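These notes are about the structure you will find just below.
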């Protein structure tokens, strides 16, 4: 682990507070590790609104702090700290009405997938 508490692919632990300190109004995510090109780990903390678009890999969100609403396709679901959300590649999704302390680990995994 480096002096900021952020891991590299050869390491196995990342400290939430240290990674969270790297985020700001202008930097809403930080990639903390990538493994063999098939798995990457990020911390994401949108400010005000979530403007992300669909991704080409499957992903897991592991809610680190806060709560709000999550839209996946036509479904809107409440979420809170500790929840895990799966999103298949290319699915429309978005966090909304989230608390100011909201942040989530993001794990992208598997191969890139062609759009349906």
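What nm distance separates the two modelled labels at residue 65 and residue 39, each placed 7 Å from Cα along Cα→Cβ?
Reported label-point gap for residue 65 and residue 39 is 2.5 nm.
For the stretch 18-36 and the stretch 53-87, write down the distance between their C-alpha centroids in whole Å.
Value for the Cα centre distance between the two parts: 18 Å.
How high is the relative contact order of the chain, given as a whole-number percent (alpha carbon pairs under 8 Å, six or more residues apart)?
The value is 27 percent.
Given the Cα-Cα distance of residue 29 and residue 74 and 0.36 nm per residue of separation, how much length would full extension add, in nm?
13.6 nm
When the chain is modelled as a GNM with alpha-carbon springs shorter than 10 Å, which of 36, 80, 89 fluctuates the most?
36
Taking a point 7 angstrom from the Cα of residue 16 along the C-beta vector, which residues in the stretch 41-60 have backbone N less than 15 Å away?
42-45
Calculated from DSSP H runs of 4 or more alone, at -39500 (n - 2.57) each and per residue, what is the 222 nm mean residue ellipticity of the chain, nearest 500?
After summing the helix terms and dividing by the residues of the chain, the value is -1000 deg cm²/dmol.
Decide, for the stretch 23-75, between rounded, prolate and oblate: order the square roots of the alpha carbon gyration tensor eigenvalues as a ≥ b ≥ c, take rounded if a/c falls under 1.5, and otherwise choose prolate if a/b is larger than b/c, else oblate.
oblate
Looking at the chain as a GNM with Cα springs under 10 Å, which of 74, 33, 64 has the largest mean-square fluctuation?
74
Throw me the Rg/Rh for the chain, computed over C-alpha atoms with Kirkwood Rh, two decimals.
When Rh is taken as the Kirkwood radius, the ratio is 0.96.
GNM on the chain, C-alpha springs below 10 Å: top fluctuator among 31, 81, 21?
With Cα springs under 10 Å in the chain, the top fluctuation among 31, 81, 21 is at 21.
Since every read-out is calculated from the coordinates, none of them should be taken as a lab result. Quick caveat, the model's predicted, so the values are computed rather than measured. Quick reminder, even Gly has a Cβ in these numbers, built from the backbone with ideal geometry, and neighbours come from all protein chains shown.
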